[in-house]
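Accompanying notes for the structure given below.
The values are calculated or read from the model by the stated rules, or taken from the named source; none is laboratory data. Computed from a predicted structure; not experimentally measured. As a convention, Cβ positions derive from the backbone with ideal geometry for all residues, glycine included, and neighbour counts pool all protein chains shown.
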Amino acid sequence: MSRDVLQFLAMPFLAGLILTGIHAYLGVHVVERGVIFVDLSLAQIAALGSTIAVMLGYDVHGHVAYFWSLGFTIVGAAIFAFTRVHRETRIPQEAIIGIVYAVSAAAAILAMSKATGETEHLKDMLVGNILSVDKETLMKTAGLYALVGLFHWIFRAKFLAISLGAQNGEAENLPNVKLWDFLFYTSFGVVVTSSVSIAGVLLVFSYLIVPSVAAMLFSFSIGKRLAIGWSMGAIVSGLGVALSFQADLPTGATIVCTFGIALVVLALVRVFVRPRPIAHSA
(Lines give C-alpha, C1' and ligand atoms only; values in the text may rest on other atoms or scores of the structure.)
Protein backbone atom coordinates (compact mmCIF):
# COMPACT_ATOMS: atom_id res chain seq x y z
CA MET A 1 0.00 0.00 0.00
CA SER A 2 1.16 3.54 -0.70
CA ARG A 3 1.75 6.08 2.03
CA ASP A 4 -1.38 8.02 1.06
CA VAL A 5 -3.52 4.90 1.35
CA LEU A 6 -2.07 4.06 4.75
CA GLN A 7 -2.80 7.59 5.97
CA PHE A 8 -6.36 7.31 4.66
CA LEU A 9 -6.93 3.98 6.43
CA ALA A 10 -5.26 5.11 9.64
CA MET A 11 -8.33 7.06 10.84
CA PRO A 12 -10.85 4.19 10.60
CA PHE A 13 -8.29 1.84 12.16
CA LEU A 14 -7.74 4.22 15.08
CA ALA A 15 -11.53 4.55 15.41
CA GLY A 16 -11.70 0.76 15.67
CA LEU A 17 -9.08 0.76 18.42
CA ILE A 18 -10.95 3.43 20.38
CA LEU A 19 -14.23 1.54 20.03
CA THR A 20 -12.50 -1.67 21.09
CA GLY A 21 -11.08 -0.09 24.22
CA ILE A 22 -14.42 0.83 25.78
CA HIS A 23 -16.80 -1.65 24.15
CA ALA A 24 -14.81 -4.80 24.93
CA TYR A 25 -14.93 -3.76 28.59
CA LEU A 26 -18.63 -2.90 28.57
CA GLY A 27 -19.29 -6.15 26.70
CA VAL A 28 -18.06 -8.13 29.70
CA HIS A 29 -20.75 -6.49 31.83
CA VAL A 30 -23.47 -6.86 29.19
CA VAL A 31 -22.82 -10.58 28.65
CA GLU A 32 -22.65 -11.29 32.39
CA ARG A 33 -25.90 -9.41 32.97
CA GLY A 34 -27.61 -11.26 30.12
CA VAL A 35 -28.83 -8.04 28.46
CA ILE A 36 -27.24 -8.69 25.08
CA PHE A 37 -29.40 -6.32 23.03
CA VAL A 38 -29.39 -3.37 25.40
CA ASP A 39 -27.07 -1.36 23.14
CA LEU A 40 -29.45 -1.76 20.19
CA SER A 41 -32.30 -0.51 22.33
CA LEU A 42 -30.32 2.45 23.69
CA ALA A 43 -29.14 3.27 20.17
CA GLN A 44 -32.73 3.35 18.95
CA ILE A 45 -33.72 5.59 21.86
CA ALA A 46 -30.84 7.91 20.95
CA ALA A 47 -32.06 8.01 17.35
CA LEU A 48 -35.54 8.92 18.58
CA GLY A 49 -34.07 11.85 20.51
CA SER A 50 -32.25 13.07 17.40
CA THR A 51 -35.45 12.75 15.38
CA ILE A 52 -37.36 14.92 17.83
CA ALA A 53 -34.56 17.51 17.67
CA VAL A 54 -34.79 17.58 13.87
CA MET A 55 -38.56 18.04 14.08
CA LEU A 56 -37.90 21.10 16.25
CA GLY A 57 -35.64 22.53 13.56
CA TYR A 58 -32.17 21.69 14.91
CA ASP A 59 -29.26 20.33 12.86
CA VAL A 60 -28.99 16.55 13.28
CA HIS A 61 -25.19 16.87 13.56
CA GLY A 62 -25.28 19.81 15.99
CA HIS A 63 -24.76 19.95 19.73
CA VAL A 64 -28.44 20.51 20.50
CA ALA A 65 -29.45 17.33 18.67
CA TYR A 66 -26.69 15.44 20.50
CA PHE A 67 -27.99 16.51 23.89
CA TRP A 68 -31.54 15.65 22.89
CA SER A 69 -30.25 12.22 21.92
CA LEU A 70 -28.31 11.88 25.16
CA GLY A 71 -31.30 13.01 27.21
CA PHE A 72 -33.52 10.35 25.68
CA THR A 73 -30.79 7.78 26.31
CA ILE A 74 -30.67 8.71 29.99
CA VAL A 75 -34.44 8.17 30.16
CA GLY A 76 -33.85 4.73 28.64
CA ALA A 77 -31.16 4.07 31.24
CA ALA A 78 -33.65 4.90 33.99
CA ILE A 79 -36.21 2.51 32.48
CA PHE A 80 -33.74 -0.38 32.37
CA ALA A 81 -32.41 0.34 35.86
CA PHE A 82 -35.73 0.70 37.65
CA THR A 83 -37.45 -2.18 35.85
CA ARG A 84 -34.68 -4.49 36.98
CA VAL A 85 -36.15 -7.97 37.38
CA HIS A 86 -35.53 -10.46 40.16
CA ARG A 87 -34.72 -14.13 39.68
CA GLU A 88 -38.24 -15.17 40.57
CA THR A 89 -39.79 -12.74 38.06
CA ARG A 90 -41.28 -14.53 35.08
CA ILE A 91 -40.60 -11.64 32.67
CA PRO A 92 -36.90 -11.49 31.65
CA GLN A 93 -35.28 -8.10 31.27
CA GLU A 94 -34.51 -8.89 27.62
CA ALA A 95 -38.27 -8.75 27.02
CA ILE A 96 -38.42 -5.24 28.48
CA ILE A 97 -35.41 -4.22 26.39
CA GLY A 98 -37.10 -5.57 23.26
CA ILE A 99 -40.34 -3.73 23.99
CA VAL A 100 -38.50 -0.45 24.53
CA TYR A 101 -36.63 -0.99 21.26
CA ALA A 102 -39.82 -1.68 19.29
CA VAL A 103 -41.71 1.30 20.73
CA SER A 104 -38.73 3.63 20.19
CA ALA A 105 -38.34 2.44 16.59
CA ALA A 106 -42.05 2.95 15.90
CA ALA A 107 -42.00 6.40 17.51
CA ALA A 108 -38.96 7.36 15.42
CA ILE A 109 -40.75 6.26 12.25
CA LEU A 110 -43.77 8.37 13.19
CA ALA A 111 -41.56 11.35 13.95
CA MET A 112 -39.54 10.97 10.75
CA SER A 113 -42.75 11.01 8.76
CA LYS A 114 -43.07 14.65 9.88
CA ALA A 115 -39.39 15.53 9.39
CA THR A 116 -39.22 15.69 5.61
CA GLY A 117 -35.77 17.19 5.14
CA GLU A 118 -33.38 15.25 7.37
CA THR A 119 -34.38 11.60 7.20
CA GLU A 120 -31.25 10.69 5.21
CA HIS A 121 -29.04 12.20 7.89
CA LEU A 122 -30.88 10.25 10.56
CA LYS A 123 -30.38 7.07 8.57
CA ASP A 124 -26.68 7.85 8.34
CA MET A 125 -26.57 8.12 12.11
CA LEU A 126 -27.81 4.54 12.45
CA VAL A 127 -25.70 3.12 9.63
CA GLY A 128 -22.57 5.13 10.39
CA ASN A 129 -19.55 5.65 8.16
CA ILE A 130 -16.33 4.81 9.92
CA LEU A 131 -14.30 5.72 6.82
CA SER A 132 -15.32 9.37 7.06
CA VAL A 133 -14.27 9.86 10.70
CA ASP A 134 -11.82 12.74 11.16
CA LYS A 135 -9.08 13.49 13.67
CA GLU A 136 -11.14 15.99 15.66
CA THR A 137 -14.00 13.51 16.12
CA LEU A 138 -11.56 10.81 17.20
CA MET A 139 -9.94 13.06 19.78
CA LYS A 140 -13.30 14.12 21.24
CA THR A 141 -14.54 10.53 21.31
CA ALA A 142 -11.33 9.24 22.89
CA GLY A 143 -11.55 11.91 25.58
CA LEU A 144 -15.18 11.09 26.32
CA TYR A 145 -14.48 7.36 26.50
CA ALA A 146 -11.50 8.00 28.76
CA LEU A 147 -13.77 9.82 31.21
CA VAL A 148 -16.30 6.97 31.12
CA GLY A 149 -13.47 4.47 31.60
CA LEU A 150 -12.16 6.44 34.58
CA PHE A 151 -15.64 6.51 36.08
CA HIS A 152 -15.93 2.74 35.74
CA TRP A 153 -12.44 2.18 37.14
CA ILE A 154 -13.21 4.26 40.25
CA PHE A 155 -16.44 2.35 40.91
CA ARG A 156 -15.32 -0.97 39.39
CA ALA A 157 -16.06 -2.95 42.55
CA LYS A 158 -19.73 -1.91 42.49
CA PHE A 159 -20.26 -2.49 38.77
CA LEU A 160 -18.46 -5.85 38.73
CA ALA A 161 -20.31 -7.08 41.83
CA ILE A 162 -23.67 -6.35 40.19
CA SER A 163 -22.72 -7.81 36.80
CA LEU A 164 -21.07 -10.96 38.15
CA GLY A 165 -23.93 -11.52 40.59
CA ALA A 166 -26.71 -10.96 38.05
CA GLN A 167 -27.18 -14.60 37.08
CA ASN A 168 -27.21 -16.15 40.56
CA GLY A 169 -29.28 -13.43 42.24
CA GLU A 170 -26.49 -12.21 44.53
CA ALA A 171 -26.70 -8.73 42.99
CA GLU A 172 -30.18 -8.26 44.48
CA ASN A 173 -28.68 -8.26 47.97
CA LEU A 174 -26.32 -5.37 47.22
CA PRO A 175 -27.26 -1.91 48.57
CA ASN A 176 -28.61 0.71 46.14
CA VAL A 177 -28.50 -1.76 43.26
CA LYS A 178 -31.01 0.20 41.16
CA LEU A 179 -29.03 3.42 41.57
CA TRP A 180 -25.81 1.71 40.45
CA ASP A 181 -27.70 0.11 37.58
CA PHE A 182 -28.90 3.55 36.53
CA LEU A 183 -25.33 4.91 36.62
CA PHE A 184 -24.11 1.92 34.61
CA TYR A 185 -26.77 2.27 31.91
CA THR A 186 -26.32 6.05 31.78
CA SER A 187 -22.57 5.76 31.20
CA PHE A 188 -23.26 2.99 28.71
CA GLY A 189 -25.75 5.24 26.93
CA VAL A 190 -23.18 8.06 26.70
CA VAL A 191 -20.84 5.65 24.92
CA VAL A 192 -23.52 4.26 22.60
CA THR A 193 -24.78 7.72 21.61
CA SER A 194 -21.30 8.67 20.37
CA SER A 195 -20.32 5.28 18.95
CA VAL A 196 -23.37 4.80 16.76
CA SER A 197 -22.85 8.12 14.98
CA ILE A 198 -19.33 6.97 14.04
CA ALA A 199 -19.71 3.28 13.29
CA GLY A 200 -23.41 2.41 13.10
CA VAL A 201 -25.49 0.01 15.14
CA LEU A 202 -24.22 -3.30 13.72
CA LEU A 203 -20.55 -2.47 14.11
CA VAL A 204 -21.03 -1.11 17.63
CA PHE A 205 -22.91 -4.28 18.57
CA SER A 206 -20.06 -6.40 17.18
CA TYR A 207 -17.41 -4.49 19.13
CA LEU A 208 -19.50 -4.86 22.26
CA ILE A 209 -20.43 -8.55 22.15
CA VAL A 210 -18.07 -10.57 19.92
CA PRO A 211 -14.77 -9.89 21.77
CA SER A 212 -16.39 -10.66 25.10
CA VAL A 213 -17.97 -13.90 23.86
CA ALA A 214 -14.68 -14.97 22.27
CA ALA A 215 -12.80 -14.25 25.49
CA MET A 216 -15.28 -16.35 27.50
CA LEU A 217 -14.24 -19.37 25.43
CA PHE A 218 -10.76 -19.25 26.95
CA SER A 219 -10.94 -17.67 30.38
CA PHE A 220 -13.13 -17.03 33.42
CA SER A 221 -10.86 -14.24 34.67
CA ILE A 222 -12.08 -10.71 34.00
CA GLY A 223 -8.53 -9.46 33.41
CA LYS A 224 -7.70 -12.18 30.89
CA ARG A 225 -11.04 -11.76 29.14
CA LEU A 226 -10.35 -8.05 28.73
CA ALA A 227 -6.87 -8.76 27.35
CA ILE A 228 -8.26 -11.29 24.85
CA GLY A 229 -11.13 -8.98 23.88
CA TRP A 230 -8.89 -5.97 23.35
CA SER A 231 -6.41 -8.03 21.32
CA MET A 232 -9.16 -9.50 19.16
CA GLY A 233 -10.77 -6.11 18.55
CA ALA A 234 -7.47 -4.54 17.51
CA ILE A 235 -6.56 -7.38 15.13
CA VAL A 236 -10.03 -7.58 13.58
CA SER A 237 -10.13 -3.80 13.13
CA GLY A 238 -6.89 -3.87 11.19
CA LEU A 239 -7.89 -6.88 9.09
CA GLY A 240 -11.38 -5.53 8.38
CA VAL A 241 -10.16 -2.11 7.27
CA ALA A 242 -7.47 -3.66 5.04
CA LEU A 243 -9.87 -6.20 3.50
CA SER A 244 -12.51 -3.57 2.81
CA PHE A 245 -9.94 -1.49 0.92
CA GLN A 246 -8.47 -4.39 -1.04
CA ALA A 247 -11.87 -5.82 -2.03
CA ASP A 248 -13.61 -2.43 -2.38
CA LEU A 249 -16.27 -3.36 0.19
CA PRO A 250 -18.16 -1.27 2.80
CA THR A 251 -15.80 -0.95 5.75
CA GLY A 252 -18.34 -1.36 8.57
CA ALA A 253 -19.94 -4.47 7.09
CA THR A 254 -16.51 -5.96 6.35
CA ILE A 255 -15.37 -5.51 9.95
CA VAL A 256 -18.61 -7.07 11.22
CA CYS A 257 -18.13 -10.12 8.99
CA THR A 258 -14.47 -10.34 10.00
CA PHE A 259 -15.60 -10.42 13.63
CA GLY A 260 -17.94 -13.31 12.79
CA ILE A 261 -15.22 -15.28 11.00
CA ALA A 262 -12.74 -14.64 13.80
CA LEU A 263 -15.24 -15.89 16.37
CA VAL A 264 -15.81 -19.11 14.41
CA VAL A 265 -12.04 -19.66 14.10
CA LEU A 266 -11.52 -19.11 17.83
CA ALA A 267 -14.42 -21.45 18.65
CA LEU A 268 -12.80 -24.18 16.50
CA VAL A 269 -9.46 -23.57 18.20
CA ARG A 270 -11.16 -23.91 21.57
CA VAL A 271 -12.65 -27.26 20.52
CA PHE A 272 -9.33 -28.69 19.41
CA VAL A 273 -7.25 -27.38 22.29
CA ARG A 274 -9.75 -28.29 25.00
CA PRO A 275 -7.82 -30.26 27.62
CA ARG A 276 -8.91 -33.87 27.92
CA PRO A 277 -10.14 -35.04 31.30
CA ILE A 278 -7.60 -37.06 33.23
CA ALA A 279 -8.67 -40.65 33.65
CA HIS A 280 -8.82 -41.79 37.27
CA SER A 281 -6.99 -45.01 38.04
CA ALA A 282 -9.08 -47.80 39.42
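Would you tally the residues in the range 96-132 being modelled with pLDDT of 85 or more and either more than 30 Å from LEU17 (Cα to Cα) or surrounded by 17 or more Cβ atoms within 10 Å (Cβ to Cβ) (or both)? Total satisfying the criteria: 10.
Looking at the structure I just gave you, is LEU40 under 30 Å from SER163 (Cα atoms), at pLDDT 85 or above and surrounded by 13 or more Cβ atoms within 10 Å (Cβ to Cβ)? Spelling it out, it is not the case that LEU40 is under 30 Å from SER163 (Cα atoms), at pLDDT 85 or above and surrounded by 13 or more Cβ atoms within 10 Å (Cβ to Cβ). Give me the pairs, please: first residue somewhere in the range 46-68 and under 21 Å from PHE188 (Cα atoms), second residue anywhere and β-branched (Val, Ile, Thr), beta-carbon distance under 7 Å, and either six or more positions apart or on two chains. Every condition considered, the pairs that remain are ALA46/THR73; ALA46/VAL192; ALA46/THR193; ALA46/VAL196; GLY49/THR73; SER50/VAL60; ALA65/VAL54; TRP68/ILE52. State yes or no: is VAL204 within 16 Å of the chain's Cα centre (by Cα) and either closer than 23 Å to THR141 by Cα or of a type outside the set (A, V, I, L, M) (or both)? Judged against the criteria, VAL204 is a match. On the given criteria, is ALA166 at pLDDT below 85, surrounded by 11 or more Cβ atoms within 10 Å (Cβ to Cβ), more than 17 Å from the chain's Cα centre (by Cα) and in a helix (DSSP H, G or I)? No; evaluated as a whole, the condition is false for this residue.
Filtering PHE272, PHE245, PHE259 for residues that are part of a helix (DSSP H, G or I), modelled with pLDDT of 90 or more and of a type outside the set (D, E, K, R) leaves a single hit, PHE259.
Per the listing VAL64, VAL54, the residue uniquely closer than 18 Å to LEU110 by Cα and over 14 Å from the mean Cα position of the chain (by Cα) is VAL54. Scan the range 210-232 and give yes if some residue there is under 18 Å from GLU32 (Cα atoms), of a type outside the set (Gly, Ala, Ser), surrounded by 21 or more Cβ atoms within 10 Å (Cβ to Cβ) and touching a His at 6+ places or on another chain (Cβ under 9 Å), otherwise no. Yes, the range 210-232 has at least one match.
The residues on offer are GLY189, GLY252, GLY260, GLY240, and the sole one that is touching a residue at least 24 places away in the same chain (Cβ under 8 Å) and within 21 Å of LEU147 (Cα to Cα) is GLY189.
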